[in-house]
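Values quoted throughout were computed directly from the atomic coordinates according to the rules given, and no laboratory measurement underlies them. None of the values given here were measured: they were computed from a predicted structure. Backbone-built Cβ (ideal geometry, glycine too); neighbour counts: all protein chains shown.
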């Protein structure tokens with residue numbers, strides 16, 4: 001079910017009626033209000049595929065392709081990414097990654113991550129290779145287009161999400177309060193002081209933006225030196241980080257709330273509260289899909305499609 005979320009508007013603009021007319025016109029619709037899709041199961045991961053938002057439904061053990069029929073992929077799918085060889089999904093409960101035909105929805109292959117007990121979490125595509133975080137083993141894997149492992153790099157404790165940037169492949173280490181970068185076959189891991197629970201990250205304009213979920217802030221690193229160059233406080237339960245349209249979008253779990261960050265000044269240019277949901281024990285997800293920022297929240301089982309600020 002899709003419906004505008006009126007709670008986002010700052011103030012409704014009422015058109016004035018003629019003198020003596022007791023009726024009032026309806027409030028003008030807010031062009032910035034997101035569309036909301038309510039689901040029977042909570043979504044987490046989200047990615048653009050063929051112009052639509054595909055999401056993972058963790059408790060349904062399935063992927064939801066836009067508004068299409070669910071695709072069963074295994075126990076607890078978390079993240080997904082579109083590639084020329086299909087949509088790849090990390091399935092943490094089974095320790096596998098699953099390849100789906102983007103046009104037909106057919107499962108093409110299920111690839112176990114070795115050794116047994118591995119926990120694939122974040123997943124990304126750099127144009128040539130798949131990158132998959134193994135949360136249990138504290139590493140990030142480089143795979144070829146059919147899912148075969150080509151390299152493995154140690155990160156730190158409990159890595160979560162992985163992002164592709166001009167300076168390398170970036171991994172947020174939730175348990176280690178650190179960030180890792182893979183570049184030219186070498187890995188470098190640095191602590192991020194003041195950042196407890198690094199969850200997601202993105203490289204934009206020579207900087208890396210790291211969400212610190214437990215600290216409620218965003219730390220900014222220089223992409224070359226990996227040294228801290230900025231901090232954005234007061235971002236409660238910061239989670240997903242997305243780059244697009246000249247801005248950085250950080251999504252806090254409460255609400256969920258979108259913080260629009262100016263990458264030049266490292267300041268919050270706009271704060272958009274999408275709903276009144278509490279923080280989640282899972283994670284929120286976010287992706288740019290066409291002209292929208294699409295946000296997921298598993299606790300309230302909703303998908304929010306917000307026109308890009």
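Distance between the pseudo-spin-label points of residue 214 and residue 144 (7 Å out from Cα toward the beta carbon): 4.0 nm. Please state the shape class of the chain: rounded when a/c is under 1.5, otherwise prolate if a/b exceeds b/c and oblate if not, all from the C-alpha gyration tensor. Oblate, since a/c reaches 1.5 and b/c is not below a/b. Protection proxy ranking for 176-185, 45-54, using the average of other Cβ atoms within 10 Å per residue and placing the highest first: 45-54, 176-185.
What order do you get for 125, 209 when you list them from fewest to most C-beta neighbours inside 10 Å? The partial results should precede the final answer.
Details: 125 18, 209 28.
Fewest to most other Cβ atoms nearby, the residues stand as 125, 209.
Given R₀ = 22 Å, what would the calculated FRET efficiency be for residue 262 paired with residue 225, taking r from the Cβ atoms and rounding to 0.05?
Working: r = 22 Å, r/R0 = 0.98.
My answer for the efficiency is 0.50.
With 0.36 nm allotted per residue and the present C-alpha distance subtracted, the residue 109-residue 152 stretch has 13.4 nm of extension available. Could you tell me the calculated FRET efficiency between residue 308 and residue 116, based on Cβ-Cβ distance and R0 = 45 angstrom, to the nearest 0.05? That gives a FRET efficiency of 0.60.
Among 304, 174, rank each residue by its count of other Cβ atoms within 10 Å, from fewest to most, as a rough exposure measure.
Working: 304 28, 174 23.
Ascending Cβ contact count within 10 Å gives the list 174, 304.
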